[in-house]
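Engineer: Just passing along the structure, written as structure tokens.
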Amino acid sequence: MDRPIRVLVAKPGLDGHDRGAKVVARALRDAGMEVIYTGLRQTPQQIVAAAIQEDVDVVAMSILSGAHNHLFPKVVQILKDEGAEDILIVGGGVIPEDDIPGLKEAGVKEIFTPGTATTDVIEFIKNNVKRK
Amino acid sequence: MQLEEKLLNGDKRGCAKLISMVENNDKEAIDIIKKLYNHTGNAHIIGITGPPGGGKSTLTDRLAKALRKEDKKIGIIAIDPTSPFSGGSILGDRIRMNDLSLDKEVFIRSMGTRGYLGGLSKATQGAVKLLDIFGCDYIFIETVGVGQSEVDIVKTADTVIMVMVPGLGDDIQAIKAGVMEIGDIFAINKSDLMGASKTATEIKMMLDMSDNMERRPPVLQVTAIKNEGIDKLVDEIKNQMNYLEESNELYERRKNNAKTEIIKLVEEDIINLILKKNESIGMLDDIAHEVAIKVLDPYTAKDRVFNSIKEL
Ligand SMILES: Nc1nc2c(ncn2[C@@H]2O[C@H](COP(=O)(O)OP(=O)(O)O)[C@@H](O)[C@H]2O)c(=O)[nH]1
Ligand SMILES: [Mg+2]
């Protein structure tokens, strides 16, 4: 049996809502993925440490607080520093259209804004994950 | 051999990759374990089991923190059940252990109970060996005390901590039937809630009734979220290890576990041989057909299968 895709679902930043993250986590599970859920208020360092120990294929982050322009690129950078740039990074949450190109430039592969169907997230991950 | 060096040097990414590889039955990872097997044996392996929501992850977090104060290196393997519907899972044990993520001397790995090649226990035991080589002084294996495979895993530990909670009531009877015998230490968690001392008394009474025990398991009340009773539990973990070492029971347990492990590995190879043979000639289907239409009995069928793999 093939190893299922392993995804770290993380909530960086200070906002205290993880409904969206949980919906995504459940959808990924129902698509047969192994989701490691780490809960609220994770620092970029914690997210990277967990991603490395869990040897995940994907890091999926969600932010509602508006700190995405700082926190998403930070996670990308630390993962790179650790030599783990093969991990697929996606983001979601309340993110203005104008910020999306910059985030993609920084290495976030895709940004999912509110209203995105979970099936689209699943499709994107399946098509873009680098299997080892 | 880069991965091997990384593991020996305590590199987390190397260790994490190797755990993924043993999960997938990868030959390179198995070869590394073979080569470095003499580096195992240092770690005290502790199974943490009990009902879902009992506070196993919270307690593991507190135990790890207490042992970190003594500068011990800690490995944690947290096993959560996989959804039977999709094969996927949400592994949430890390939520209770987030402060440990950044500690250089702590390694946490979550595992689902997915359909592993060779079973969950094989994957877990591989991961335990890797963490042992990685240099951990203590390795905690957290599993829900429900399915047989989870109980099997916990049995591979040197020491088993049964986590109970107040107000289990009749559930204690059910737990007693299955897993009461495997607990070396009983920790009644959530002792801030009503009924904890009653639960402790009930468990003590049950222990009084069973007689075939080498060592009477201590029963402790703890409150993991308030970090109460943790030092006492750490003391009991150490007492247990001293007892195991001094009584030669550690050797006995490890020998027993090795026996079970070897038999399982051989069993797996034999089954793989049968399946491989079956692939080439369709033997199993043909024989099953004959048994189904009653021209052959299953015992003779077994002999035939067995003889055919001996020829391989
Ligand atoms: N009242 C109380 N709740 C606790 C205690 N320890 C853990 N919990 C809570 O019990 C719930 C389940 O804890 P968790 O460690 O995830 O349990 P597990 O499923 O056995 O790993 C969480 O909400 C914890 O905060 C305790 O000592 N007292
Ligand atoms: Mg848990």
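Engineer: When only residues in segment A:86-132 that are within 14 Å of chain B (Cβ to nearest Cβ) and of a type outside the set (V, I, T) count, which is surrounded by the fewest Cβ atoms within 10 Å (Cβ to Cβ)?
Structural biologist: So the residue we want is A:R131.
Engineer: Here is a follow-up. If only one of A:K22, A:K80, A:K74, A:K11 is within 12 Å of another protein chain (Cβ to nearest Cβ) and surrounded by fewer than 24 Cβ atoms within 10 Å (Cβ to Cβ), which one is it? Walk me through how you get there before you give the answer.
Structural biologist: On the way: A:K80 fails: within 12 Å of another protein chain (Cβ to nearest Cβ); A:K74 fails: within 12 Å of another protein chain (Cβ to nearest Cβ); A:K11 fails: surrounded by fewer than 24 Cβ atoms within 10 Å (Cβ to Cβ).
Result of the check over A:K22, A:K80, A:K74, A:K11: A:K22.
Engineer: Here's a check for you: in segment B:10-56, which residue that is touching a helix residue (DSSP H, G or I) at 6+ places or on another chain (Cβ under 7 Å) and polar (S, T, N, Q) is nearest to A:A84 (Cα to Cα)?
Structural biologist: The residue in question is B:T40.
Engineer: Being in contact with a helix residue (DSSP H, G or I) (Cβ under 6 Å, 6 or more places away or on another chain) and either modelled with pLDDT of 95 or more or more than 9 Å from chain A (Cβ to nearest Cβ) (or both) is the filter; apply it to segment B:77-92 and report the residue that is nearest to ligand 2 (Cβ to nearest atom).
Structural biologist: Result: B:A78.
Residues checked against (1) part of a strand (DSSP E or B); (2) within 18 Å of A:V7 (Cα to Cα); (3) not assigned by TED's automatic domain parsing to the domain that holds B:G50:
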| site | (1), (2), (3) |
| --- | --- |
| B:A78 | yes, yes, no |
| B:S83 | no, yes, no |
| B:S86 | no, yes, no |
| B:D99 | no, no, no |
| B:D103 | no, no, no |
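Engineer: Just need a number here: residues in segment B:28-43 that are buried (at least 22 other Cβ atoms within 10 Å of the Cβ) and either closer than 20 Å to B:M241 by Cα or within 13 Å of ligand 1 (Cβ to nearest atom) (or both).
Structural biologist: 1
Engineer: A further question on this structure: If you check B:L220 against the conditions, is it surrounded by 15 or more Cβ atoms within 10 Å (Cβ to Cβ), of a type in the set (A, V, I, L, M, F, W, C) and assigned to a helix (DSSP H, G or I)? Please lay out each step first, then the result.
Structural biologist: Values: surrounded by 15 or more Cβ atoms within 10 Å (Cβ to Cβ): yes; of a type in the set (A, V, I, L, M, F, W, C): yes; assigned to a helix (DSSP H, G or I): no.
Answer is no for this residue.
Engineer: Taking B:S110 as meeting all but one of (1) crowded, with 17+ Cβ neighbours inside 10 Å; (2) farther than 23 Å from A:R3 by Cα; (3) in contact with a helix residue (DSSP H, G or I) (Cβ under 8 Å, 6 or more places away or on another chain), write down the number of the exception.
Structural biologist: With (1) crowded, with 17+ Cβ neighbours inside 10 Å; (2) farther than 23 Å from A:R3 by Cα; (3) in contact with a helix residue (DSSP H, G or I) (Cβ under 8 Å, 6 or more places away or on another chain) applied to B:S110, the lone miss is (2).
To keep it simple, each residue is scored yes or no on (1) away from ligand 2 (no atom under 16 Å from the Cβ); (2) under 22 Å from B:K6 (Cβ atoms).
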position	(1), (2)
B:S57	no, no
B:D61	no, no
B:A66	yes, no
B:K69	yes, no
B:R109	no, yes
B:G112	no, no
B:A123	yes, yes
B:G126	yes, yes
B:I133	yes, yes
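Engineer: For segment B:39-61, give me each residue that is outside any loop (DSSP other than H, G, I, E, B) and more than 18 Å from B:V144 (Cα to Cα).
Structural biologist: Step one: of segment B:39-61, the residues outside any loop (DSSP other than H, G, I, E, B) are B:39, B:44-50, B:56-61.
B:H39, B:H44 - these are the residues of segment B:39-61 that are outside any loop (DSSP other than H, G, I, E, B) and more than 18 Å from B:V144 (Cα to Cα).
Engineer: So which residues in segment B:44-62 are modelled with pLDDT under 95, of a type in the set (S, T, Y) and within 8 Å of ligand 1 (Cβ to nearest atom), if there are any at all?
Structural biologist: Once the filter is applied, which keeps residues that are modelled with pLDDT under 95, of a type in the set (S, T, Y) and within 8 Å of ligand 1 (Cβ to nearest atom), segment B:44-62 yields nothing.
Engineer: Have a look at B:K176, B:K190 and point out the one that is among the basic types (K, R) and at pLDDT 75 or above. Outline the logic, then answer.
Structural biologist: On the way: B:K176 fails: at pLDDT 75 or above.
When all the criteria are applied, what remains is B:K190.
Engineer: Sticking with this structure for a sec: Name every residue in segment B:105-130 that is assigned to a loop (DSSP other than H, G, I, E, B), at the interface with chain A (Cβ under 9 Å from one of its Cβ atoms) and among the hydroxyl-bearing types (S, T, Y), in order of residue number. Quick ask: steps written out before the conclusion?
Structural biologist: Step one: of segment B:105-130, the residues assigned to a loop (DSSP other than H, G, I, E, B) are B:105, B:113-119.
If we keep only those that are at the interface with chain A (Cβ under 9 Å from one of its Cβ atoms) too, we end up with B:114-117.
Of everything in segment B:105-130, just one residue is assigned to a loop (DSSP other than H, G, I, E, B), at the interface with chain A (Cβ under 9 Å from one of its Cβ atoms) and among the hydroxyl-bearing types (S, T, Y), namely B:Y116.
Engineer: Among the candidates B:K264, B:K302, single out the residue that is within 30 Å of B:I161 (Cα to Cα) and not assigned by TED's automatic domain parsing to the domain that holds B:K155. Talk me through it step by step, then tell me what you get.
Structural biologist: Numbers: B:K302 fails: within 30 Å of B:I161 (Cα to Cα).
Result of the check over B:K264, B:K302: B:K264.
The values are calculated or read from the model by the stated rules, or taken from the named source; none is laboratory data. Because the structure is predicted, anything quoted here is derived from the model rather than measured. Every residue, glycine among them, receives a Cβ derived from its backbone with ideal geometry; neighbour counts consider all protein chains shown.
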